[in-house]
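> Would you mind keeping the following structure in view while I ask a few things?
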Amino acid sequence: MDMQVAKKKLGLKERYAVMTRGLDWTPSYQKMEDIYPYMAYEGIKIHDWDKWEDPFRLTMDAYWKYQSEKERKLYSVLDAYIQSNGHLNVTDARYLNTVKLFVSGISPLEYVAHRGFAHAGRQFPGPGPRVACLMQSLDEIRHAQTQIHAVSNYNKYYNGMHDFHHAHDRVWFLSVPKSFFDDAITAGPFEFMVAIGFSFEYVLTNLLFVPFVSGAAYNGDMGTMTFGFSAQSDEARHMTLGLEVIKFILQQDPANVPIVQRWIDKWTWRGYRVLTLVAMMMDYMLPKRTMSWKEAWEVYFEQNGGALFKDLARYGITIPKCTEHIALEKDHLSHQAWGTFYNYAAATNFHTWMPDADEMEWLSAKYPESYDKYYRPRMEFWREEAAKGNRFYNKTLPMLCQTCQIPLVFTEPGDPTKICYREVDYKEDKYHFCSDHCKKIFEDEPEKYVQAWMPVHQIYQGNCFPEGTDPTVEGFDPLAAVMKYYHLEFGRDNLDFEGSEDQKNFAEWRGQATKNA
Amino acid sequence: MSNVFIALQTNEDTRQIIEAIVQDNPHAVVNEQPAMVKIDAEGKLVVRRETIEELIGRSYDLQELQVNLITMSGNLDQTDDEMILYWNA
Ligand SMILES: [Fe+2]
Ligand SMILES: [Fe+2]
């Protein structure tokens, strides 16, 4: 890039002030509370919106200039990648399953983030946060679009991605990321900003994008690397907004502190549970690993998040309690998650497999406390069974956590041999939880979470079959009907990687790419 | 004091920027990772426009950095001349 830098007439601080101060007015014939109806009910008190400052001090003209530069870079790389059949350069075809997970689990959230920030920006009476939310809202729709464009190239060749948004709204495990964001956008605007701007963007997003994108680069996936870095270049601004939002709210009134603390506790845990998908991707799905989930957690949460919460201590904010629980889970999370997906591979839009001997060595080395003792034996057993032709598929439906919607597969903190179950009786019904944290979140807002669309319950109620299905006919196969409802083809989009069409096609095409047919 | 950090894409735009950061922050530690460079520094990290301009041989607007930025950590303060990342505690 060789940009011309024109001499500016005003300094950065003045330019930003001109854009964000004095443009609004006090309404004379409408009441403020009618114009901004969501400002009071969450209990947050703001006395002076002008105290808000975007530390990047980005003005709108600069925003367009740099964003268009990012787009030009992205699409020229994508073109080159597609024209050279870049998809055949990935380490091996198992890698593609991370792309399927990404486009069906994460990209739709970008779009919801776009809507969320547009909504929050409309609700805040201060021009500073309005401008910041506007920019983030535009960034997020760009992320959704560029990801869909980049992944559409893979969809021409590989299975499971053809109707990703339909899948996102229906497939059992995709309700985990979906319900996370639905929970956030149905909260008030202040909670949304703490949930997504701070807890997700500032505290957790490094764990999503940096390993994903660095992993894509390491595995030869230039398409994902490019959209990932392009999105990530906006992320630094989002993180700054997230931190600013917290500091601003906390400085405005001491009564805000306990409200914000409860939101931070809630959303750190909610976000962490969603990152389970990233944990198993890092430890099991990348053919060439960059770092383990545990290492990433230590670098990006324990060190970096630790520094952040030390800095916020002067406002009276403490590090969320759930992080003690998470520390106990870091040796177990990815193994328990991958074991679960291996079991339920008949009902997914991607393939699973057991690690080979070398990969198990890597896992032992990265998880000396847990892998050989608890997980290697069961994985070797599954591998041997599959080799004998008994690849196991679990076709019964699991009990789900009412809050995070993950099946109850996690173990008690400190005891990896015992599944963790919690329950609450509320009104006429019993609700189940994966942990004390999800249980507490429910107990704080039961009327919200009783409305959750629980995939397993919905299947049992007969709401997840194609229209006109008669579940009472002789020999009715509920799983086959559910897969049809998901728009997934049994035997092509699901099951083990071994023997899949993706595996076969990739081997054949790569063969054609490297020798004369 | 805790570490702040900044991570940039590995490319020809950032090569001299990283060099400038290292020059201006002798306490910084450079970590090269697949396709990215993460620079950690205890307490505070300063990116100076003038140092970058000397190394790239043209005028530079610090906001250009956003095109190649991956992530960062710490409180931020940006002016026309400097971008500072810092922790207060
Ligand atoms: Fe995004
Ligand atoms: Fe849960």
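> Provide a single number: the residues in segment A:405-425 that are in contact with a helix residue (DSSP H, G or I) (Cβ under 7 Å, 6 or more places away or on another chain) and open to solvent by 50 Å² or more (accessible area, probe 1.4 Å).
3
> Oh, and also: Within the group A:15, A:94, A:57, A:72, which residue is within 30 Å of residue A:508 (Cβ to Cβ) and of a type in the set (Lys, Arg)?
On the way: A:15 fails: within 30 Å of residue A:508 (Cβ to Cβ); A:57 fails: within 30 Å of residue A:508 (Cβ to Cβ); A:72 fails: within 30 Å of residue A:508 (Cβ to Cβ).
Testing whether each residue is within 30 Å of residue A:508 (Cβ to Cβ) and of a type in the set (Lys, Arg) leaves just A:94.
> Right, something else. Would you check if residue B:37 is under 28 Å from residue A:14 (Cα atoms) and either open to solvent by less than 60 Å² (accessible area, probe 1.4 Å) or more than 9 Å from chain A (Cβ to nearest Cβ) (or both)? Please lay out each step first, then the result.
Numbers: under 28 Å from residue A:14 (Cα atoms): no; either open to solvent by less than 60 Å² (accessible area, probe 1.4 Å) or more than 9 Å from chain A (Cβ to nearest Cβ) (or both): yes.
The answer is no for residue B:37.
> Here is a further query. Would you check if there is a residue in segment A:271-289 being at pLDDT below 90 and either within 16 Å of ligand 2 (Cβ to nearest atom) or within 11 Å of another protein chain (Cβ to nearest Cβ) (or both)?
yes
> Right, next: What number of residues within segment A:461-504 are open to solvent by less than 30 Å² (accessible area, probe 1.4 Å) and under 19 Å from residue A:155 (Cβ atoms)?
Within segment A:461-504, residues that are open to solvent by less than 30 Å² (accessible area, probe 1.4 Å) and under 19 Å from residue A:155 (Cβ atoms) number 8.
> Output the number of residues of segment A:405-432 satisfying the condition of being closer than 21 Å to residue A:320 by Cβ, within 11 Å of ligand 2 (Cβ to nearest atom) and not basic (Lys, Arg).
4
> Which one of these is open to solvent by less than 20 Å² (accessible area, probe 1.4 Å), within 30 Å of residue B:76 (Cβ to Cβ) and not acidic (Asp, Glu): A:78, A:23, A:109?
Result of the check over A:78, A:23, A:109: A:109.
> Only one residue in A:259, A:249 is within 30 Å of residue A:318 (Cα to Cα) and open to solvent by less than 10 Å² (accessible area, probe 1.4 Å), so which one is that?
It is A:249.
> Across segment A:47-62, what is the number of residues that are within 11 Å of chain B (Cβ to nearest Cβ) and open to solvent by 60 Å² or more (accessible area, probe 1.4 Å)?
In the first step, residues of segment A:47-62 are kept if they are within 11 Å of chain B (Cβ to nearest Cβ); the result is A:53-59, A:61-62.
Then keep just the ones that are open to solvent by 60 Å² or more (accessible area, probe 1.4 Å); that gives A:53, A:61.
Qualifying residue count, segment A:47-62: 2.
One line per residue, one yes/no per condition, for (1) crowded, with 17+ Cβ neighbours inside 10 Å; (2) over 11 Å from the mean Cα position of the chain (by Cα); (3) at the interface with another protein chain (Cβ under 10 Å from one of its Cβ atoms); (4) touching a residue at least 12 places away in the same chain (Cβ under 8 Å):
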| residue | (1), (2), (3), (4) |
| --- | --- |
| B:45 | yes, no, no, yes |
| B:56 | no, yes, yes, yes |
| B:65 | yes, no, yes, yes |
| B:69 | yes, no, yes, yes |
| B:78 | yes, yes, yes, yes |
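> What tally of residues in segment A:470-505 results from selecting those that are free of Cβ contacts under 8 Å to residues at least 40 places away in the same chain and touching a Lys or Arg at 6+ places or on another chain (Cβ under 8 Å)?
0
> I'm trying to understand the selection: among the residues of segment A:369-404, which are more than 16 Å from ligand 2 (Cβ to nearest atom), open to solvent by 40 Å² or more (accessible area, probe 1.4 Å), closer than 24 Å to residue A:434 by Cα and not basic (Lys, Arg)?
The answer is A:369, A:374, A:393, A:396, A:397.
> Next up: Which ones in segment A:441-465 are over 15 Å from residue A:175 (Cβ atoms), touching a residue at least 40 places away in the same chain (Cβ under 8 Å) and not hydrophobic (A, V, I, L, M, F, W, C)?
Result: A:444, A:448.
> Checking residue A:91 against (1) at pLDDT 90 or above; (2) in a helix (DSSP H, G or I); (3) open to solvent by 40 Å² or more (accessible area, probe 1.4 Å); (4) within 14 Å of chain B (Cβ to nearest Cβ), which test does it fail?
(2)
> A further question follows. Looking at this structure, is residue A:435 more than 16 Å from ligand 2 (Cβ to nearest atom) and more than 14 Å from every other protein chain (Cβ to nearest Cβ)?
So residue A:435 fails the test.
> When only residues in segment A:293-317 that are closer than 19 Å to residue B:7 by Cα and small (Gly, Ala, Ser) count, which is most open to solvent (accessible area, probe 1.4 Å)?
A:306
> If you go through segment A:253-265 one residue at a time, do you hit one that is of a type in the set (Asp, Glu), touching a Pro at 6+ places or on another chain (Cβ under 9 Å), within 16 Å of ligand 2 (Cβ to nearest atom) and in a helix (DSSP H, G or I)?
Yes: one or more hits.
> From the set of residues in segment A:209-223 that are more than 7 Å from chain B (Cβ to nearest Cβ) and aliphatic (A, V, I, L, M), which is farthest from residue A:277 (Cα to Cα)?
Only one residue fits best here, namely A:222.
> Can you pull out every residue in segment A:266-318 that is among the polar types (S, T, N, Q), under 17 Å from residue A:209 (Cα atoms) and in a helix (DSSP H, G or I)?
Scanning segment A:266-318 gives A:268, A:276, A:304.
> Taking segment B:1-20 only, how many residues are under 18 Å from residue A:233 (Cα atoms), more than 9 Å from every other protein chain (Cβ to nearest Cβ) and either of a type in the set (A, V, I, L, M, F, W, C) or open to solvent by less than 30 Å² (accessible area, probe 1.4 Å) (or both)?
4
The values are calculated or read from the model by the stated rules, or taken from the named source; none is laboratory data. All of these numbers come straight from a predicted model, not from anything done at the bench. Counting neighbours? That spans all protein chains shown, and the Cβs are built from the backbone with ideal geometry, glycine included. Areas reflect the complete protein model, heavy atoms only, side chains present, ligands, DNA and RNA absent. Shrake-Rupley method; radii C 1.70, N 1.55, O 1.52, S 1.80 Å.
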